[in-house]
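**Student:** Take a look at this one; I'll ask things after.
The values are calculated or read from the model by the stated rules, or taken from the named source; none is laboratory data. None of these values were measured; they are calculated from a predicted model. Positions of Cβ are backbone-derived with ideal geometry, glycine not excepted, and every protein chain shown enters the neighbour counts. In case anyone asks, the SASA skips ligands and DNA or RNA and just uses the protein heavy atoms, side chains included. Shrake-Rupley method; radii C 1.70, N 1.55, O 1.52, S 1.80 Å.
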Amino acid sequence: MIQKTIKNFTQNPKNDILSGLTVALALVPEAVAFAFVAGIDPLVGLYGAFMMGIVTALFGGRPGMISGATGAMAVVMVHLIQKGNDAGMALDTPIENLGLQWLFITLLFVGGIQIIAGFLRLGKFVRLIPHSVMMGFVNGLAIVIFLSQLGMFKETVDGEKTWLQGYDLLMMLGLVLLTMGIMFGLPKLTKKIPGALTAIIVVAAIVIYGKIDVSTVGSFIREGGGEGLQGSMPTFQDQIFGLIYTLKGHWDLIFSTAFILAAIGLIESLMTLSLIDEMTETRGSGNRECVAQGSANILNGLFGGMGGCAMIGQSIININSGGRGRLSGATAAIALLCFVLFGAPLIEQIPIAALVGVMFMVVIGTFAWSSFRILHKIPKSDAFVLIAVSAITVWQDLAVAVIAGVIMSALTFAWKNATMIRARKRIKEDGTKVYEIWGPLFFGSTTNFMTKFDVKEDPQNIEIDFIESKVSDHSGVEAMRAIVDKYQTTGKKVTLTHLSPDCKVLLLKSNIGFEEVIQDSIDDPRYYVVTDLMDSEV
């Protein structure tokens, strides 16, 4: 593993370093904005992006994937931080910013949950996400990124946000279009340098040397109430261990928030991993990514970052800029820290328009435009799931949308399979009626299964053949028991043939006297009631 990691670092250093610098520049306003959403200092967001980025870059399951502070987790943190601040002010000796300290404590539990998920190999369940959900996730995310950038076209006037007008709007649009034009055209001339980084440098140079009055990273931070990017190294938050007493009566809030944050972080990270796998035609390790995400969140809690997860927008910027190895993510994280320590005055001069242009190109590259072409070609249920997931992503958040999409897809699958069960009927020479069951027998099809039999009109001897049917769960086993009971109640003899070994065991365990009902055959199927998932990683 060490040799593989070293090889990954030295495979394409130029592209990785340049793409990492591009990502670092794009991370600054994102981390700051999400810190404002959570109601904390921008430096906490920047520290969080640095620690998430460096840990997952070095030890994560997907080289080239970028992690940092994210909006999906920030909106969950708000309630916890507000409750903590209120509790801090209510103490006999008031504690300012107690909510932030509670967040650091919560991140320790978030990290622990994610690490446990990795060791339990839960990362493989991302394979259960249908393609329609993935397309809906990507489309919804592109829309969310686009809408989030529209806020940059506003200015604060008399304490209220208003849309830019006149010269300011035209200048903003012009710089955004210039950035997009460079990113679109430069790769057609040369691919030796990333288009996004070149566009940011060119537009920044035009604004700085042309002394054009536009919104910059520095003005954006100050408008949000921050003092600037300048800061020091993250410090160990030993005080959080002395504040455990303040959590009395609030542990339910801490644990519930931790589980929600952990779930959101893992879902978004694993979905991003799956998307990057598809883009690069390689395969990452979901379980390893779970452990890395958890470790990074624990580090955030100990050293004063806001935590986070994988960032699909920045990951796509990195991949499209040529970043494929771990060096790209490590460069982005280290460059971000250097901005805070040494380069704040320069980075604060970068126009917001340049970064907005980069994100608009990400939107164009992220959105699955092919979904418009295939909507009328795919099953209506898949089309509905695709549209619903996109809408829920915009309306709620990514995690809720993915969970809802998986549930809708699972229910659709169950409904379709519930109607597939059939019973072919024939009479043997000795008068025995045979029901040849075809199709899966599970919780969704048990009702249809029971309607296939005519207990009153059937002859004295009945044979139910399961050679072409698979009993998928305990509900199927119970349905078999129920139909046998019905026949036996009427005094008729019933025989079950071609049952799988584990199904036989379950029937014999819960039903005394079933030894006479079950008939052994040399061609009995060898499937299992509960199919074991493969242990291979995502």
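**Student:** Please compute the length gained on full extension between Leu508 and Trp251, using 0.36 nm multiplied by the number of residues separating them and subtracting their Cα-Cα distance.
**Tutor:** That pair, Leu508 and Trp251, stretches by 87.9 nm at full extension.
**Student:** Still on this structure: Could I have the simple spin-label model distance between Lys425 and Phe241, label points 7 Å from Cα toward Cβ, reported in nm to one decimal?
**Tutor:** Inter-label distance under the simple model: 7.5 nm.
**Student:** Of all accessible surface on segment 203-245 at a 1.4 Å probe, what whole percent is carbon and sulfur?
**Tutor:** 57 percent
**Student:** A further question on this structure: Tell me which lysines have Cα within less than 16 Å of Lys416's Cα, excluding those fewer than 8 residues away on the same chain?
**Tutor:** Lys380, Lys470
**Student:** Return P(r) of segment 274-370 (all Cα-Cα pairs; 10 Å bins starting at 0; whole %; ordered from short to long distances).
**Tutor:** Taking every Cα pair in segment 274-370, the percentages come to 12, 36, 38, 14, 0.
**Student:** Which order do Asp458, Asp430 take by accessible area at a 1.4 Å probe, largest first? Present the calculation step by step, with values, prior to reporting the outcome.
**Tutor:** Working: Asp458 10, Asp430 115 Å².
Highest to lowest solvent-accessible surface, that is Asp430, Asp458.
**Student:** Report D for segment 119-184 in µm² per second (integer): Stokes-Einstein, Kirkwood Rh on Cα pairs, 25 °C, 0.890 mPa s.
**Tutor:** Translational D for this selection: 158 µm²/s.
**Student:** Looking at this model, which pairs from Lys456/Lys504; Lys154/Lys191; Lys161/Lys248 are more than 32 angstrom apart at the alpha-carbon?
**Tutor:** Violating the 32 Å Cα-Cα cut-off are Lys154/Lys191; Lys161/Lys248.
**Student:** Express in Å², to the nearest 10, the accessible area of Val126 obtained by rolling a 1.4 Å probe over the protein heavy atoms while all chains stay in place.
**Tutor:** Only protein atoms counted, so the area is about 20 Å².
**Student:** May I ask you to rank His131, His498, His376 by accessible area, largest first, using a 1.4 Å probe over the protein chains only? Can you show the working numbers first?
**Tutor:** Values: His131 115, His498 25, His376 145 Å².
The ranking, largest first, comes out as His376, His131, His498.
**Student:** How much of the DSSP bridge set in the chain is antiparallel, in percent, rounded to the nearest 5?
**Tutor:** 50 percent
**Student:** Could you check how many percent of all C-alpha pairs in the chain are farther apart than 34 Å?
**Tutor:** Of all Cα-Cα pairs in the chain, 49 percent lie more than 34 Å apart.
**Student:** In nanometres, what is the gap between the two model label sites at Leu150 and Arg373, each 7 Å from Cα along Cα-to-Cβ?
**Tutor:** 2.8 nm
**Student:** Using a 1.4 Å probe, how large is the accessible area of Tyr167, given in Å² and rounded to the nearest 10?
**Tutor:** Estimated to the nearest 10 Å², Tyr167 gives 140 Å².
**Student:** So, one more: Using DSSP H assignments, which helices in the chain have an axial alpha-carbon span of 24 Å or above and a mean Kyte-Doolittle hydropathy of 0.0 or higher? Kindly include the intermediate steps, with their values, before the conclusion.
**Tutor:** Values: long enough: 13-38 (35 Å, 1.28); 42-59 (26 Å, 1.81); 71-90 (29 Å, 0.75); 98-119 (32 Å, 1.87); 131-150 (29 Å, 1.58); 166-189 (34 Å, 1.54); 251-280 (43 Å, 1.34); 286-303 (25 Å, 0.07); 398-418 (30 Å, 1.64).
The qualifying helices are 13-38, 42-59, 71-90, 98-119, 131-150, 166-189, 251-280, 286-303, 398-418.
**Student:** In deg cm²/dmol and to the nearest 500, what is the mean residue ellipticity at 222 nm of the chain if only DSSP H runs of at least 4 residues count, each as -39500 (n - 2.57), divided by the residue total?
**Tutor:** Numbers: 21 runs with 327 residues, N = 538.
Counting only the DSSP helices, I get -20000 deg cm²/dmol.
**Student:** Shifting gears a bit: Could you work out how far apart the two model spin labels at Arg222 and Glu457 are, taking each label as a point 7 Å from the Cα in the direction of the beta carbon, and quote it in nm?
**Tutor:** About 8.8 nm separates the two model spin labels.
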